[in-house]
Every structure is written in structure tokens, then in C-alpha cells.
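Encoded as C-alpha cells, the structure appears first; notes follow it.
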Amino acid sequence: MSTTQPYEHMLQPLDLGYTQLRSRVIMGSMHTGLEEAHEGLEKMAEFFAARAKGGVGLIITGGFGTSARGVLGPGSAAVLTEQDADKHKIVTQRVHQEGGLIALQMLNAGRQAYHPQAIGASDIKSPIYPFPPHPLSTQEVDDEIEGFVNTAALAQYAGYDGVEVMGSEGYLINQFLATRANNRDDQWGGDYESRMRFPLEIVRRIRARVGPKFIISYRLSMLDLVPDGSTWDEVVALAKGVEAAGASIISTGIGWHEARIPTIATSVPRGAFSWVTGKLKKEVSIPVCSSNRINTPEVAEQIIAEGEADLVSMARPMLADPEFVNKARQGLRKQINICIGCNQACLDHTFMGRRSSCLVNPQACHETELVYTPTQHSKKIAVIGAGPAGLSFAVVAAERGHSVSLFDAGDKIGGQFNIAKQVPGKEEFQETLNYYQAQLDKFNIDVHLNTQVSAETLLNQHYDEIILATGITPRALDIPGIDHAKVLSYIDVILHKKPVGKKVAIIGAGGIGFDIAEYLAHGKINASLDKMAFMKEWGIDTTLQARGGISGIEPVIEPSTREISLLQRKTSKVGAGLGKTTGWIHRANLAKKGVHMINGVEYKGVDEQGLHIVLNDEARCLDVDNIIICAGQEPQRALLAELQDAGASVHLVGGADKAMELDAKRAIDQAARLAAEI
Ligand code: FAD
Ligand code: NAP
Ligand code: SF4
């Protein structure tokens, strides 16, 4: 092995005897919605082929059902018959053409199913899923085991190189293991040995059916993060049992879906849970795979080099950049588009029943639909604004062969991302700016910073196309006293670092209001950058003495030194409009820090006393030092009329086009789509 190869541990192959993984990077399982989409398997074939081409060692598909009642929801994908398996051949063939390996993930949702036929080890309902499960009879337990075996055999028939048994995240297998969901008194319940019989029987019978030369990865819940979860001794016993039953790889699962601890959001430190995998690795002799918030080659390399795992699972990073592994191998680290852990286009979409994509890479899961083909007619294009929309447009247009000049009034690229990245827990946003900088360099884009562009200058340069990506201006409010010195905007606070007092009212509880509250409530400890601080803040026992990793452990919170009120006019729950999979984390964080979240507020005015409001028909004055306005935004398109009047070909993207409900996902996606066509 070369000593000069960076990431040498991550990039070395793994020999399983009968097959070899090209690198130590596993593309982890993600339900993308392609499983059920029209012509979804054809699209999935190209989606996975791109990742196989990109150097991933082993791809794991999204979860496919192993029985009619075990599927996630009505119409969810399953592999139950030879006809089902035949349709998968295109996926395995395309991955193999690109030199990759692929395993089918097999999933039985149990009580985590969104349909009334949900099944369970017992009739104990999940706190977050709506349907009480039908408790399986002894014969039905056997049928569900055979379901796994049947699907594994069909996967082998379809050309898969292996299967992954989904044994974590609170799905059926997990439900058998924990008394939280299993109070049976037959051979599948009672003491741990009996509760663990279900997964061991699944693995044993699969191995017997598929023979020795087929990968069986077992996703093992190493830390349940729920009350009445498994103890560490039980986890170890299970891992040893799974190994003895014939598994080839043990992969890390962290937290049931119903756990109230974040496990993959951007506020979770990178590689936060690799220490758990490291402890298990010492107990078994088959390869173990770490997961959760591993998003850069440095983090992956460190985990493997330090002996915490043999493999690393990266799921969302493979949405962000299919060429992740190859770029790392070729010394092109700066060219890697890093997953920022936002969940906005992947997991949030899954939970909304939409096809996944990626905020930083709109081509993800749309490989056959959003294609950047070289242009036959190179145009001279000006892009005004180097925020996410302008950057996205400039890079795709230049990649296609257009001649692009990019202008920004600011002294750096990034627009509002330069504000967002300063919010504790959003540090990853800098990675996107680093990536775009590398792309601007790669495509020799002509960048002009500190340049406030006027319509006249643009017209004098005779561009073929002008792209206005000029973003937004914060909404101005019409409240008496709004010009008072106490009143600040979110830009004043984060960007201009204007001093903020100890008592604060925030007007507007959208994404930015929450971020400002987080910014102001934060103390010295940044738990999103410090693994042990994160564990303390969420009450996770790093000694692994506590059942489920949490029982009896009190979170250690650093309360806010400011008194903060976060206000909105709507009477709905404060923060109801935040991200599907991350909103609860923001709300929980602020609640723990003592931030008051108040809805149904009417703003009356600002004066020396503070902010005058009406709440529940009662006039009140919030005695605050500062009032910070986070009340939404309006499009910034001052140049538009003059350019249009002069007959220029002008296009609006991002906030300049529509500020309402704008986020970076829409800005980047819209701009990339325009650039793909122009
Ligand atoms: P902008 O980012 O506003 O960029 C516009 C650029 O145009 C600016 O750099 C400006 O200097 C330049 N410009 C304007 N006029 C001119 C001119 N005449 N000449 C030259 N340059 C000009 N979004 C998410 O998706 N997820 C999040 O978690 C998230 N968190 C956020 C947190 C905060 C605190 C903030 C403030 C925003 C957050 N956002 C988030 C929103 C996201 O940053 C915006 O949606 C996104 O930046 C909009 O991109 P844009 O390119 O349209 O505009
Ligand atoms: P926003 O989410 O639309 O929130 C604006 C807030 O201001 C609302 O709470 C609204 O609540 C209030 N408001 C609107 N008009 C008002 C008025 N005239 N007077 C007083 N209050 C008013 O906008 P944002 O917070 O500025 O965020 C901008 C975008 O950035 C968002 O759309 C979001 O997608 C994105 N972002 C996302 C995240 C994330 O974590 N995903 C984080 C930050 C930003 P009431 O009308 O009820 O008062
Ligand atoms: Fe990562 Fe966000 Fe893309 Fe999901 S949408 S893959 S979390 S960058």
C-alpha cells in the first residue's frame, strides 16, 4: 500500500474471501421513493450505477418489504415473488457493469408501518405510528422469518451480491429484541435469549438458503436510545449470535425512529457514534461498519485508521456526490460536494412521500431527468449574485461550456449562507461554499467580488443572457416605533455583530427566527462540534451501562444566559413549519434552553419600555433590551425593470424570483435546471 495515498485506510479493498469490496465505503440504505416510482427501478439503476462508478465498495438499496403485512405503507415496495425479482435485474446489471457490488436491504416494518395491517411481536403500539399492531401468533412468526429467507433467495436470483437484514431503527426485528415492544410468553419472548431467537433464526435460515458466497450484512441496533431498549451486554450477545449464524458484516444502527435524540441531523457532530461501533468491534471477528454523520473522507479515514470500524457507511453523502470515493482517491478532496446533514431534500422528502434528492446536488435520484449536456452554442452570460442560486447556475452553465461572469456586491461568495453557517449547528454550510469555490476555479469562471452591478454596466457588456440571482431583502415591518434603536435585523445580529442585550424578543418564528434564537441562546459549549458535549446534552451514557444508552441519565443543559421570547402571529404551534425531520430538534433545543415560544401575538409598537403586544386579548409590554426582526423576506430585483426595458434577456432565480418559502434547496435546484437548459 502506498504511504503517500491520503485516506489509505478508507480506500483499501476488503476481501471477504469469495468477493472483494473495492473500498471500505458502503453506500448506506436510503428509501428514496424510486422504489415505488413510475419506472423507478430503471431510474434506480442509473442512480446506483453512478455511485458504483464513483468507487463505492458496496451499495445497499433502500428497504424492500419481506411480507405483505411487513411493508412500510400501502403500496410500498417489496420483493416477494420471482416477478418482483425479475424487475430488479436491471439494477444489479447496471451496478455490475460499473464494477460495483450491491445488496438488497430487507425490511419488515412491524409496528412502524403506516397501514392498518401492521404486525408486531406484541400488541404494543409505537408512540409515533398510528396503527396498533396485530400480535403475531407463533406460526405467523415463523411465516415472517420465512419471508426474509424468501426475499433473500429472490435477491440472489435477481443478481444481488448480498442482502442486508434491517435489524435496527425500531423495525420488527428490533421490536422482538426489546421488552418495550415484546411481552410474549412463547419461545419468541421472555428472556433475552428467547427474544433474540427471531433475528438469529432469520440470519441462520438465510445463510442456509443462499450458501456461503453471498454477503449477509446485519444492521444491528447498537444503541436504541429509547426506554426499555437493549443493554450493552444484550447487544454484544446478539452480535456474537449474528456472527455465529452466518452474517458477513455487522452494520451500526443508532436509535429507534421514536427516539427523541437526534442521530443524523446537521447538529449531530461528525462521526458522533463511531465510539459505539469501536466497542462492538472488539467483541466480534467479522467486519463491522460504522455510520451516522460520516460525511468527509477525513472522518471516514480516521474511524478506520483508529480501529473503530472496518467499514464506514455513508448514505446521504452519496446523494451529495456520487464520485465521493473516486475524488478522494484522485486527490480531488476540494471537488467533493459534501453532505451538510440538512435532511431537507432527502429524509424530509421521504417523510412527505416525495422522491428524495439532495439540496446540494439536485441531480440526485434524477440522473435520467436532470442531465447537464455540453452546449452547442456557447453564450456570454452574466450572473448577478453569488448566493446559492447564482453559484449553482454559474457552475452548471460553465460546466456545459458557456462563458460565465459572476458578480457579487459582497467580499465573498455565498450570500445568505455566510449568515447561516454562523448559527451553532450549521457549521457544515461552509462545506458547500468550499465546494462551489473549487468549482468556480475548475471551470475558470470569471468572478467579480465587491462589485455592486448596475443595469447600465450590464447593458454595456452586451451579454447574451443575464441571470438575476440577487436574493432577498428582509421584510420591513409597519409597526409604530420600528425605527427605535432597540430594533435590529437578523443581519445586524449575525453578520454585523451588533451588540444584543440580555432580554430579547424575536419577531417571527420561521427558520431564521429559530436560528437567531439558537444563536443568542448559545453558551460556550458547541455540542455540534464536540461529541462528548453532545452526548451529555442529550443524556447518552458513554459508559454503556444504561439500558438503551439512556435510562436514568439526565441531560446536562447549559441554559441560556439571555431571556428570549420567540414570537409569531399565527396561533399554530411555534415551529410547525420547520423541516419535517429536524423541526422537533430545534424546538427541543430551544425549550431546553428556556426560550419562551409564544404564538397568537399581535404587535402594537416599540418604545423605551420594550415591545408592546396583545396576547390572548390582553395588552402587555415585553420589557426587552432588543427586538430582532425575522419576519420573512421580499425579492431583491432592483435591476429587473431597467434591463427588461432595454430588451435584455433576463432570468430570475432563487430569492430574486420568489422570496416566499424560499430555501437553498429551491434556489439551487431552480438555478441548476435553468442552467441545464439555457
Ligand atoms: P442570497 O443568498 O440572498 O444571495 C444573493 C446575493 O446577491 C448576495 O450575495 C448579494 O450580495 C448579491 N447581490 C444582490 N444584489 C446585487 C447587485 N446589484 N450586485 C451584485 N451582487 C448583488 N436555507 C436552507 O435551505 N436551509 C437552512 O438551514 C437555511 N438556514 C438559514 C439560516 C439563516 C440565518 C439565513 C439568513 C438563511 C438560511 N437559509 C437556509 C436560507 C438560504 O440561505 C437562502 O434561501 C439562500 O441563500 C437564497 O439564495 P439566493 O442565491 O437566492 O440569495
Ligand atoms: P419564514 O419561514 O417565512 O418566517 C417568517 C416569520 O415571520 C413567520 O414566523 C411569520 O409568522 C412572520 N411574519 C411574516 N410576515 C410578518 C409581518 N408582516 N409581521 C410580523 N411577522 C411576520 O421566513 P424566514 O424565517 O425569514 O426564513 C426564510 C427561509 O429560509 C425560510 O422559508 C426557510 O425555508 C429558510 N430557512 C430554513 C431553515 C431550515 O432549518 N430549514 C432555517 C432558516 C431558514 P407570523 O406570520 O405567524 O407572524
Ligand atoms: Fe445531505 Fe442535505 Fe443533501 Fe440530504 S439534502 S443528502 S442531508 S446535503
remark   = Within region 635-655, residues being in contact with a Pro (Cβ under 8 Å, 6 or more places away or on another chain) and outside any helix (DSSP H, G or I) number 1
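A quick yes/no check of all residues on (1) within 26 Å of residue 547 (Cα to Cα); (2) of a type in the set (A, V, I, L, M); (3) not in a helix (DSSP H, G or I):
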| residue | (1), (2), (3) |
| --- | --- |
| 127 | yes, no, yes |
| 152 | no, yes, no |
| 198 | yes, no, no |
| 206 | no, yes, no |
query = How about region 68-85: which of its residues are assigned to a helix (DSSP H, G or I) and either surrounded by 13 or more Cβ atoms within 10 Å (Cβ to Cβ) or among the β-branched types (Val, Ile, Thr) (or both)?
reply = 84, 85
inquiry  = Suppose we keep only residues that are within 24 Å of the chain's Cα centre (by Cα) and buried (at least 16 other Cβ atoms within 10 Å of the Cβ) within region 555-583. Which one would you say is farthest from ligand 1 (Cβ to nearest atom)?
reply    = 574
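So which residues in region 250-295 are in contact with an Asp or Glu (Cβ under 8 Å, 6 or more places away or on another chain) and either assigned to a strand (DSSP E or B) or outside the structural domain of residue 130 (by TED's automatic domain parsing) (or both)?
Those that are in contact with an Asp or Glu (Cβ under 8 Å, 6 or more places away or on another chain) and either assigned to a strand (DSSP E or B) or outside the structural domain of residue 130 (by TED's automatic domain parsing) (or both): 250, 251, 253, 288, 289, 290.
Could you check region 457-481 and list, in sequence order, the residues that are touching a helix residue (DSSP H, G or I) at 6+ places or on another chain (Cβ under 8 Å) and not hydrophobic (A, V, I, L, M, F, W, C)?
Within region 457-481, 470, 471, 474 qualify.
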task = Would you check which residues across region 181-201 are closer than 20 Å to residue 257 by Cβ and either under 28 Å from the mean Cα position of the chain (by Cα) or not polar (S, T, N, Q) (or both) and list them?
result = 181, 195, 198, 199
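Could you pull out every one of the helices (runs of 4 or more DSSP H) wholly within region 308-414 that has 3 or more residues that are in contact (Cβ under 8 Å) with a residue 12 or more places away in the chain and away from ligand 2 (no atom under 16 Å from the Cβ)? Reasoning before the result, please.
On the way: elements: 316-320, 324-329, 347-351, 388-399.
Here the list reads 316-320, 324-329, 388-399.
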task = Among the residues of region 165-197, write down those that are in contact (Cβ under 8 Å) with a residue 24 or more places away in the chain and on the phi > 0 side of the Ramachandran plot.
result = 169, 170
Evaluation of residue 650 against (1) surrounded by 22 or more Cβ atoms within 10 Å (Cβ to Cβ); (2) within 16 Å of ligand 1 (Cβ to nearest atom); (3) closer than 30 Å to residue 348 by Cα (one fails), failing number = (3)
ask   = Do you know which residues across region 595-616 are farther than 22 Å from residue 573 by Cα and surrounded by 14 or more Cβ atoms within 10 Å (Cβ to Cβ)?
value = 605, 606, 610
Top-ranked residue in region 656-671 [being assigned to a loop (DSSP other than H, G, I, E, B) and near ligand 1 (Cβ under 6 Å from one of its atoms); ranked as surrounded by the most Cβ atoms within 10 Å (Cβ to Cβ)] = 662
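Can residue 473 be described as under 23 Å from residue 670 (Cβ atoms) and not acidic (Asp, Glu)? Break it down into steps so the answer makes sense when it comes.
Values: under 23 Å from residue 670 (Cβ atoms): yes; not acidic (Asp, Glu): yes.
Spelling it out, residue 473 is indeed under 23 Å from residue 670 (Cβ atoms) and not acidic (Asp, Glu).
Would you point out the residue of region 240-280, among those that are aromatic (Phe, Trp, Tyr) and buried (at least 20 other Cβ atoms within 10 Å of the Cβ), that is farthest from ligand 3 (Cβ to nearest atom)?
Top of the filtered list is 256.
The values are calculated or read from the model by the stated rules, or taken from the named source; none is laboratory data. Just so it is clear, the structure is predicted and the values come from calculations on it, not from any experiment. Note that we place each Cβ from the backbone using ideal geometry, even for glycine, and neighbour counts take in every protein chain shown.
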